Amino acid sequence: MHWASFLFQPTNLSLVALLISDPASMHEWGEEFGKELRAGDLIVLTGPLGAGKTALVQGIGKALGILDITSPTFVISRVHHAAIPLVHVDAYRLLDNPMALFDDLDLDTLLDTSIVCIEWGSEVVERLSHDYLELALEYGAGESERTITATGHGQRWGQFQL
Ligand SMILES: Nc1ncnc2c1ncn2[C@@H]1O[C@H](COP(=O)(O)OP(=O)(O)O)[C@@H](O)[C@H]1O
Ligand SMILES: [Mg+2]
């Protein structure tokens, strides 16, 4: 007789949709969400310009005691030092050359000890880790409504409850 055993994971994917009514609510949601984060967490934010990706990262930063997150014109990646450091990347100018995120920015090393949030990073995120949360922001009805569709991947996020 011989035995075979299998690791059974019910699901490695989770999906949640949220409706955000104004900028203050985006910050507040980011702050609540930020309280759940820990070193090694990888968040990718997608959606058009002005959807609120940076606003959401500002909310996450607030939960970590970081108040100086901006949307810089030339800086692609910034490390904000705190009890848990936050690495904020805006990969928009690297869309043609996404591998520079690894070759030049050493994101894979930073990820071990930091929370990493990447705007415009959906092309590269899988190369960094199989555990990541994608937050897809979209414009909603009216000027200040936004939607967030959160898709969790991997062990860390597959069953995450927002
Ligand atoms: N519900 C909302 N959530 C976030 N930002 C909003 C919302 N409604 C209006 N805005 C505005 O949209 C802009 C979002 O900018 P930003 O966060 O830099 O977007 P992105 O990083 O996606 O380009 C800000 O000017 C903000 O005031
Ligand atoms: Mg931005």
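The figures follow:
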| read-out | value |
| --- | --- |
| Matching residues in the range 101-125 - criterion: being of a type outside the set (Val, Ile, Thr) and without any contact (Cβ under 8 Å) to a residue 12 or more places away in the chain | Asp103, Asp104, Asp106 |
| Which listed residue is charged (D, E, K, R), within 12 Å of ligand 1 (Cβ to nearest atom) and modelled with pLDDT under 95, from Asp96, Asp90, Asp108, Asp103 | Asp90 |
| Complete set of residues in the range 117-162 that are within 16 Å of ligand 1 (Cβ to nearest atom) and of a type in the set (Val, Ile, Thr) | Ile118, Thr147, Ile148, Thr149 |
| Which listed residue, of Thr73, Thr46, Thr11, is within 12 Å of ligand 2 (Cβ to nearest atom), β-branched (Val, Ile, Thr) and either farther than 17 Å from Val125 by Cβ or at pLDDT below 95 (or both) | Thr73 |
| Residue within the range 57-65 that is in contact with a Phe, Trp or Tyr (Cβ under 9 Å, 6 or more places away or on another chain), within 16 Å of ligand 2 (Cβ to nearest atom) and closer than 20 Å to Tyr132 by Cα present | yes |
| Filter result for the condition that a residue is assigned to a loop (DSSP other than H, G, I, E, B), under 28 Å from Leu19 (Cβ atoms) and at pLDDT 90 or above, over Glu138, Glu143 | Glu143 |
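The values are calculated or read from the model by the stated rules, or taken from the named source; none is laboratory data. Remember, predicted model here, so these are calculated numbers, not experimental data. With ideal geometry, Cβ positions are generated from the backbone for all residues, glycine too; neighbour counts draw on all protein chains shown.
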